[in-house]
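FYI, it's all coordinate maths here, none of it is from the lab. Given the structure is predicted, the values throughout are model-derived calculations rather than measurements. Note: ideal-geometry Cβ built from the backbone for every residue, glycine included; neighbour counts use all protein chains shown.
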């Protein structure tokens, strides 16, 4: 039986990769986004996923077109911020709404039909930045931490209905949006490669492959889990990248020493 997947933020770097991957697997795919991703085999339903009425309308339209949602992947979100003492009320609420409220609203909308069907998969996109930290992103870190906690709670509450819930928490992912924040040239990319044991750059397709598995019936035993997708960057001690002896062990080029 062909399954139906709803992808929020389907016009973004990760969301579009996920939509393409699930469509290639033969799922019927609808993207919920303010922008049309214009992807072959992906239906577009315009929605601000921080607005409950727009979510309700878009999900119902997608279900009418493609059938009840078997899979929900929440890719919508924004990355912005300032140190906490400079964060306005409006910015705090905007970041939490885009990243966390959108998950609540979309999951709430699909749960009744999944419960009735006795099956379903929800994959939420978190971030390693609730485990580690980057300067100036307090609202983003708080939202992503809450997503992981919410996903675990939902796994407990709805497992008896045959619905699985998994959080995927990427580190830095190469997308047009993230590349725009890098310095010109290759230096930042080199540093990113050196920051993880795989000496690689994680891209949106890597996340899409993980989503495809986490959303499949074969991954039901993962429910309640959080999977970190950063090529091991978060397990490396930053100090280990400083000494030439450690860099040599990791196969990294040695630093110039005075």
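Things worth noting here:
- Degrees separating the helix 102-117 axis from the principal Cα axis of the chain, which is the longest one: 50 degrees
- Counted over the stretch 74-181 with a bin width of 5 Å, the fraction of Cα pairs per bin, in whole percents, is 2, 12, 21, 22, 17, 12, 8, 4, 2, 0.
- Here the convex hull built on the C-alpha positions of the stretch 17-59 has a volume of 63 cubic angstrom per residue.
- Degrees, to the nearest 10: 13-24 long Cα axis against longest axis of the chain: 50 degrees
- Rounded to 10°, Cα long-axis angle of helix 138-158 versus longest principal axis of the chain: 50 degrees
- Between the stretch 14-50 and the stretch 182-196, the C-alpha centres lie 30 angstrom from each other.
- Reported to the nearest whole Å, the Cα centre-to-centre distance from the stretch 117-153 to the stretch 61-90 is 11.
- Spherically averaged projected area of the convex hull of Cα atoms, the stretch 111-169: 3.9 nm².
- Residues 201, 163, arranged from fewest to most other Cβ atoms within 10 angstrom of their Cβ, appear as 201, 163.
- Cα gyration tensor shape for the stretch 46-90, rounded if a/c is under 1.5, else prolate or oblate: prolate
- Computed P(r) (all Cα pairs; the stretch 3-80; 10 Å bins; percent): 23, 59, 17, 1
- Over the Cα atoms of the chain, the radius of gyration divided by the Kirkwood radius equals 1.00; this is the Rg/Rh ratio.
- Calculated translational diffusion coefficient of the stretch 160-203 (25 °C, 0.890 mPa s; Stokes-Einstein with Kirkwood radius over alpha-carbon pairs) equals 195 µm²/s.
- Taking all Cα pairs closer than 8 Å and separated by 6 or more residues, the relative contact order of the stretch 4-249 comes to 19 percent.
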